[in-house]
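The values are calculated or read from the model by the stated rules, or taken from the named source; none is laboratory data. Bear in mind that the values here come from a model prediction, so they are computed numbers and not experimental data. Ideal geometry is used to build each Cβ from the backbone, glycine not excepted, and the neighbour counts take in all protein chains shown. Accessible surface is based on the protein model in full, side chains and every heavy atom, while ligands, DNA and RNA are left aside. Shrake-Rupley method; radii C 1.70, N 1.55, O 1.52, S 1.80 Å.
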Amino acid sequence: MKAELTWQEAKAHTQAMELEITALIPKDAAVSIDQKMKGVLLSCNKTQHNWNGSTTVMVADGTKIEPIVKAIKAHYRANGLNVSVDRNVNENYRIQIDPPAPGESYIVSEGLSPNEIRIASGSECFTLPEGIYPGGDF
């Protein structure tokens, strides 16, 4: 954890990583990308928080999502990151990419709607400046 990391820097890094993941989706499959500009802060521990957001990629009808998510898994494992695999509540293939920074993670899976890949993200943990309330949108 970098004591000097601001929530704005953590958010910017996390959103850049969301876009890095979306870039691994075949261009001919991606119809639209919706990166949420606002997220929320969640507690890492008593004194630190992390920024949480998401990006949704709509893919063309007939696109098989599981092979795309498996390719993303292979990419990050090949680059030395810890990637775990399970199935979500809808039994869709899901991966969690865990960079070494405390609190930082990215969950990639088929979304709740058809033809949707969802990337949920959490930034590295940071300390908010004195007087900043962690509720609301960030």
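Details
- Within the chain, longest stretch free of exposed trypsin sites (Lys or Arg not before Pro) [DSSP loop, at most 12 other beta carbons within 10 Å]: 65-138
- In the stretch 1-85, GluC sites (Glu not before Pro) in a DSSP loop with at most 10 other beta-carbon atoms within 10 Å: 4
- Spin-label pair residue 45/residue 87, simplified geometry with 7 Å Cα→Cβ offset, distance in nm: 3.6 nm
- Heavy atoms of the protein chains alone define the surface here; on that basis the chain has 55 Å² accessible area per residue at 1.4 Å probe size.
- Distance between the C-alpha centres of the stretch 87-118 and the stretch 42-61: 11 Å, rounded to the whole angstrom.
- For the stretch 14-86, the carbon plus sulfur part of the accessible surface works out to 56%, probe radius 1.4 Å.
- Square roots of 5 times each gyration tensor eigenvalue, C-alpha, the chain, largest first, Å: 28, 16, 13
- Taking label points 7 Å from Cα along the Cα-to-Cβ direction, residue 133 and residue 36 give a separation of 2.0 nm.
- For the stretch 1-87, the relative contact order is 27 percent, taking Cα pairs closer than 8 Å that sit 6 or more residues apart in sequence and dividing their mean separation by the residue count.
- For residue 98 and residue 77, the difference between the fully extended length at 0.36 nm per residue and the C-alpha to C-alpha distance is 6.5 nm.
- Rounded to the nearest 500, the helix-only mean residue ellipticity at 222 nm of the chain stands at -7000 deg cm²/dmol, with each DSSP H run of n ≥ 4 adding -39,500 (n - 2.57).
- Largest accessible area first, the residues 61, 86 order themselves as 61, 86 under a 1.4 Å probe with ligands, DNA and RNA left out.
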